[in-house]
1. Collect the residues in segment B:431-448 that are open to solvent by 30 Å² or more (accessible area, probe 1.4 Å) and either modelled with pLDDT of 95 or more or more than 9 Å from chain A (Cβ to nearest Cβ) (or both), keeping them in residue-number order.
2. Can you tell me which of (1) open to solvent by less than 60 Å² (accessible area, probe 1.4 Å); (2) touching a strand residue (DSSP E or B) at 6+ places or on another chain (Cβ under 9 Å) is the one B:ARG513 doesn't meet?
3. Is segment B:29-36 home to any residue that is in contact with a strand residue (DSSP E or B) (Cβ under 6 Å, 6 or more places away or on another chain), in a loop (DSSP other than H, G, I, E, B) and touching a residue at least 40 places away in the same chain (Cβ under 8 Å)?
4. Is segment B:77-90 home to any residue that is assigned to a helix (DSSP H, G or I), open to solvent by less than 40 Å² (accessible area, probe 1.4 Å) and either of a type in the set (Lys, Arg) or closer than 26 Å to B:ALA171 by Cβ (or both)?
5. Just to be sure, is B:ALA359 within 14 Å of B:GLY450 (Cα to Cα) and part of a loop (DSSP other than H, G, I, E, B)?
6. Among B:ALA191, B:ALA216, B:ALA207, B:ALA195, which is surrounded by fewer than 22 Cβ atoms within 10 Å (Cβ to Cβ) and in contact with a strand residue (DSSP E or B) (Cβ under 9 Å, 6 or more places away or on another chain)?
7. Against the condition more than 16 Å from B:MET670 (Cα to Cα), open to solvent by 70 Å² or more (accessible area, probe 1.4 Å) and either outside the structural domain of B:LEU626 (by TED's automatic domain parsing) or among the hydroxyl-bearing types (Ser, Thr, Tyr) (or both), how does B:VAL542 come out, does it pass?
8. Which of the residues belonging to segment B:46-67 are part of a helix (DSSP H, G or I) and either touching a Leu at 6+ places or on another chain (Cβ under 9 Å) or over 19 Å from B:CYS81 (Cβ atoms) (or both)?
Amino acid sequence: MSAAETSSEHSLESENELLRSRVAALEAELVKVQARTNTAVGQWQERAYWLDRWHLDLNALMRKPGAAELRAAVRAVRTVTRAFRRAKRSLSRS
Amino acid sequence: MKSVSVVIPVKDGERYLEELLAALAREGNDETLVIDSGSRDRSREIARAAGVELLEIAPEEFAHGRTRNLAAERTTGELICFLTQDATPCPGWLDAYREAFTLDERVGAAYGPHLPRPDTSPMIARELTEFFAGFQANTATANGDGARRPVIQRAGDPSFLSNVNACYARACWEEIRFRDVAYSEDQAFGADLLAAGWAKVYHPGAAVLHAHDYSAIEFMRRYFDEYRGLRETTGHIEPFSVPATAQQVLREVTADQRWMTQHGISGATRARWTARALTHHTGRRVFSAAGSRSERLPSPLRRRLSLEGRAAAGADAGAAATTGGGGGVSPLPPATHIEKKLSGEVYDVAAQVWRDGPAPLLDPLPGMAERERLRLAMVIPPFSRGSGGHNTLFQIFSRLERRGHTCSVWLADYQGYSRDVWPAVLRHDINEFFAPFQGPVYKGFDQWQGADVAIATGWQTVHGTLQLDQCRARAYIVNDHEPEFYAASAEQALAADTYRHDMHCIAASPWLRDLLIERYDSSAEAFQLGVDHDTYRPRPVVREPNTVIYYARYVTPRRAVPIGLMALAELKRRRPDVRIVLFGTGEMLHASFPYEHVDVLSPEQLSWLYSQATVGLCLSLTNFSLMPKEMLACGLPCVELAGISAESIFGADGPLELAQLDPNRIADAMERLLIDQEHWQQRSDRGIEFVASHTWDHATDEVEAGLRHALREREEAATTIR
């Protein structure tokens with residue numbers, strides 16, 4: 001085997017090694033990402049228990065006609081109520 | 001000017017008939033024919049007094065289509081109008097019809113609106129007004145004159161036609177004729193007319209005063225008839241669901257209230273009509289849906305629900321639908337249309353795997369079997385509280401998760417057992433019924449994201465698991481030899497097929513492992529079921545003498561409950577003082593001996609029961625179950641069947657008392673434990689000692705080794721190929 005051939009084999013071997021370690025790193029990354037995803041979905045399912053139990057899909061509910069208007073109305077009432085309370089508090093302080 | 005005949009089918013129609021005939025005299029048609037089918041009131045007298053032609057037929061000869069065809073044959077007008085006995089033409093009615101037939105030479109029929117009478121209920125009045133206004137929705141012009149304009153309807157337009165108030169060109173009727181159906185002959189004619197290239201005209205000027213003055217119950221029965229007729233003539237099935245019905249009823253009642261406001265109805269009258277409207281619309285939805293599914297109801301019930309007292313299931317209608325009217329009567333019942341199901345059965349999934357093969361696996365990576373943290377996805381069948389197989393799975397999977405593996409659970413519910421259970425609830429139930437699990441739970445595979453090992457866990461899950469891509473390996477946790485759960489059947493064949501797809505099997509006993517290897521040539525290894533020693537331990541309670549407890553789960557055939565009951569009967573015959581307690585079933589079984597029943601118990605309760613009894617009896621015709629181990633852990637000697645799977649775990653003379661599948665031999669084994677105190681003590685001590693090492697942690701070690709083995713097999717296969 002010539003020196004050139006030996007050198008080329010070494011170079012291929014080291015390239016393989018590099019690729020293997022890159023694959024291993026990517027695999028490890030995948031495991032981490034999936035673990036994070038699983039944790040997040042698991043925690044979300046924990047919180048969503050009662051919504052799922054009552055078959056409540058809030059996105060679908062809010063798409064219904066009038067839902068956005070109702071929400072806006074509630075927010076408006078809440079804003080007025082808060083402003084009223086703030087005013088009452090500041091009046092009672094002064 | 002075209003000559004006009006008017007036909008009025010009558011039965012007990014005296015209330016409006018006089019008014020109707022007077023209106024016709026005013027309108028000036030050429031000929032009037034009243035067909036009476038057995039009136040018991042003054043209808044015939046009224047017709048005779050008005051000087052119109054009267055044709056009498058027997059009530060049983062009447063049918064809406066047939067009788068109208070007969071009447072058309074008996075008249076001569078170029079136009080034939082049909083009115084019902086309670087429809088009074090408004091002024092201008094006849095002129096409007098004559099005009100309708102001049103609009104196009106292919107006009108075969110015309111119809112006009114039904115206007116409410118002054119005493120018509122608000123909901124019917126509103127409905128009539130809105131319904132007929134709908135036909136003119138597209139013709140109203142800016143100056144409002146569209147409201148009185150006739151509308152020509154051709155193929156593709158609504159096929160609605162109503163013989164309450166309709167007029168036909170004789171040429172059209174002769175070509176199409178009314179189908180010989182019991183109901184909705186007009187709707188069928190409307191559809192047939194358009195299909196044959198004729199046109200029809202809605203003319204707002206051809207109005208009649210008309211309202212059905214029924215009680216709430218009569219209305220419901222009428223809707224039953226109407227939708228039954230629609231089903232028979234057009235195949236229409238009225239959709240029905242409780243939420244949609246509730247919404248629709250609410251909408252209708254709100255509209256009725258609005259209508260009442262517009263018409264100045266208020267106070268107590270309004271409240272009374274609101275209550276009636278609620279009943280009316282609810283009854284309408286329910287009875288319409290029932291009517292369009294009437295073929296599923298028993299004949300006596302159909303007759304009771306029908307206002308016309310009709311019980312027959314529409315053989316006449318089926319014939320009419322196929323002949324288009326006038327033909328013979330087919331003896332075939334109408335076929336039932338079945339909608340496509342939402343999801344495929346497990347059979348469909350198996351067929352797909354047989355057709356396309358499993359999804360290809362990802363290339364193996366060197367060292368993947370030894371990686372510390374694996375991505376594990378477990379595919380499970382639907383479950384309920386107390387499911388033993390699922391308990392085993394989650395005891396292990398929970399521990400795998402705690403060891404740092406990334407775990408997810410996927411429910412394969414091809415038959416829709418958990419259709420109404422959403423994922424977060426499934427996850428909650430797993431935690432409540434079996435073991436703690438922090439990871440996500442998915443229904444179906446829409447969000448499938450791949451795994452190092454996809455794990456099938458029951459025969460129903462295997463074909464679905466084989467379709468999952470982005471996996472390095474697949475494994476199969478086999479709790480039992482499931483083909484034995486079924487008699488000769490598709491299920492038996494499919495369950496057996498699951499062992500032939502080169503998935504590495506992790507079997508819940510050495511017996512099961514050997515069976516999989518020998519019978520199916522599977523790659524398999526075994527794990528030992530664990531015992532929760534915190535729960536199953538001898539409790540501080542005095543054992544009751546002469547007490548035999550029996551796991552009598554009758555609904556599980558592999559538990560051989562009839563054999564167990566025979567054995568207990570024999571024991572009771574030999575030893576009348578023995579106390580027998582049956583548990584594990586909600587059903588109180590019939591037995592030839594007196595016994596005590598304690599239902600399905602929690603693990604905690606079971607441990608106390610096992611600690612108090614003298615002998616346990618638990619039979620299994622397939623793989624050995626967890627229960628005998630739990631009895632042994634509580635110091636309770638247990639009798640099991642010999643020659644099946646128990647020896648593979650306990651040996652032929654281990655802690656279990658084994659007996660052949662024979663009631664007398666089983667009774668012998670129980671009696672020996674009851675009589676021989678030394679023998680009893682020996683079995684009890686050996687049992688506690690034996691199961692001490694059988695823990696869920698140990699089972700998890702074995703299953704984890706099996707999962708890594710599945711990955712290693714893939715690595716080795718790849719090396720061999722290279």
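1. Initial filter on segment B:431-448 (open to solvent by 30 Å² or more (accessible area, probe 1.4 Å)): B:431-433, B:436, B:438, B:443, B:445-448.
Result: B:ASN431, B:GLU432, B:PHE433, B:PRO436, B:GLN438, B:LYS443, B:PHE445, B:ASP446, B:TRP448.
2. Exception for B:ARG513: condition (1).
3. To start, the set of residues in segment B:29-36 that are in contact with a strand residue (DSSP E or B) (Cβ under 6 Å, 6 or more places away or on another chain) comprises B:29-36.
Next, from what is left, pick out any that are in a loop (DSSP other than H, G, I, E, B): B:29-30.
Still in the running and touching a residue at least 40 places away in the same chain (Cβ under 8 Å): B:29-30.
The answer is yes, given that some residue of segment B:29-36 is in contact with a strand residue (DSSP E or B) (Cβ under 6 Å, 6 or more places away or on another chain), in a loop (DSSP other than H, G, I, E, B) and touching a residue at least 40 places away in the same chain (Cβ under 8 Å).
4. Of the residues in segment B:77-90, the ones assigned to a helix (DSSP H, G or I) are none.
Looking for residues that are assigned to a helix (DSSP H, G or I), open to solvent by less than 40 Å² (accessible area, probe 1.4 Å) and either of a type in the set (Lys, Arg) or closer than 26 Å to B:ALA171 by Cβ (or both), one finds none in segment B:77-90, hence no.
5. Details: within 14 Å of B:GLY450 (Cα to Cα): yes; part of a loop (DSSP other than H, G, I, E, B): yes.
Yes.
6. None of the other options fit; the residue is B:ALA207.
7. Numbers: more than 16 Å from B:MET670 (Cα to Cα): yes; open to solvent by 70 Å² or more (accessible area, probe 1.4 Å): yes; either outside the structural domain of B:LEU626 (by TED's automatic domain parsing) or among the hydroxyl-bearing types (Ser, Thr, Tyr) (or both): yes.
Here the answer is yes, as B:VAL542 does meet what is asked.
8. Going residue by residue through segment B:46-67, those that are part of a helix (DSSP H, G or I) are B:46-50, B:59-61, B:64-67.
The answer is B:ILE46, B:ALA47, B:ARG48, B:ALA49, B:ALA50, B:PRO59, B:GLU60, B:GLU61.
The values are calculated or read from the model by the stated rules, or taken from the named source; none is laboratory data. Predicted model only: the values in this text are computed from it and were never measured. Note: ideal-geometry Cβ built from the backbone for every residue, glycine included; neighbour counts use all protein chains shown. Accessible surface areas use protein heavy atoms only, side chains included; no ligands, DNA or RNA. Shrake-Rupley method; radii C 1.70, N 1.55, O 1.52, S 1.80 Å.
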